[in-house]
Amino acid sequence: METVGSDGEKMSSKCGYEERVIAFLDILGFKKIIEETETETKKFEDLLDVLKRIKEGVEQLKTGKYNPTDIRMSTFSDSIIISAKITEHMDAFVQQLLMTNIWLLEQGCFVRGGVDYGKVYHNENMIFGPAFIKAYELEKSADYPRILLSKEAIKKLHHNKQPNSKIAVSITHSYFKRDCDGLCYLDYFNYANNAEEGYAKFICNLEKMMDKNIASNLDDVGVIKKMDWIKNKIQLCNKNQEQKQNLTLDDFIENFMDCVEYT
């Protein structure tokens, strides 16, 4: 039996939780970014524009060709939460997650995050539940500017993949990679599409961000470690550029199924 809450959303009379895949994203260095927006109008406008762009992306997925994709988004302070009910159209969720990461990077914001699957209550005004806690804890263990995926999230994406589906963004190799520590992360380094200059511009922007962070934090071992991680990923990505190809959701999930074994 279902009842309707005060916000008009259907809820189970026994439990208001839904099974959803959920991403918890943290904008790194947000305090410093906010300090800059206080005196620099352009910084404020750029930050507001990118958050609006992310929100609009979610809204378009609700009404576009992926309809009825049940995808929701919440933002507060330095956190962005995106969740979706598992359907055959999980391409939409993965695409939105990837583009959110890229748009923030283009505005000079590094992102750390966690993606998990389970019970959660998420509407426009609030979010809570076991899956939210798991995604939050996974984000805290990411260490580097990367979005980690739990083995539960990977299994769900694989099980509900859409036959012959293709994400609109063209990526080299795969969307997910297994890192040297055995954890699965969203590979935004392979953002490049068929336009070489688009890739070069993206990587150039990343390198400028790295140089700026290193120059401002010469005595901070943690920051230097994070920048070294990014540097290594860029070098690896450059080595693989000659093997560029477009992959379907089936392809990259299949290539990555060994990652479900990590703990």
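Derivation of every value follows stated rules applied to the coordinates shown; laboratory data play no part. Small disclaimer: the values here were computed from a predicted structure and weren't measured. Counting neighbours? That spans all protein chains shown, and the Cβs are built from the backbone with ideal geometry, glycine included.
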For each of Met73, Met210, count neighbouring Cβ atoms within 10 Å of the residue's Cβ, then give the residues from fewest to most.
Met210, Met73
Of Lys31/Lys226; Lys119/Lys231; Lys201/Lys233; Lys201/Lys226; Lys85/Lys225, which sit over 27 Å apart, Cα to Cα?
Lys119/Lys231; Lys85/Lys225
Neighbour counts of other C-beta atoms within 10 Å: give me Thr41, Thr100, Thr87 arranged from fewest to most.
Thr41, Thr87, Thr100
Tell me, Cys237, Cys204 in order of fewest to most beta-carbon neighbours within 10 Å?
Cys204, Cys237
Tell me the label-point distance for the pair Lys151, Leu218, using the 7 Å Cα-to-Cβ offset, in nm and rounded to one decimal.
4.5
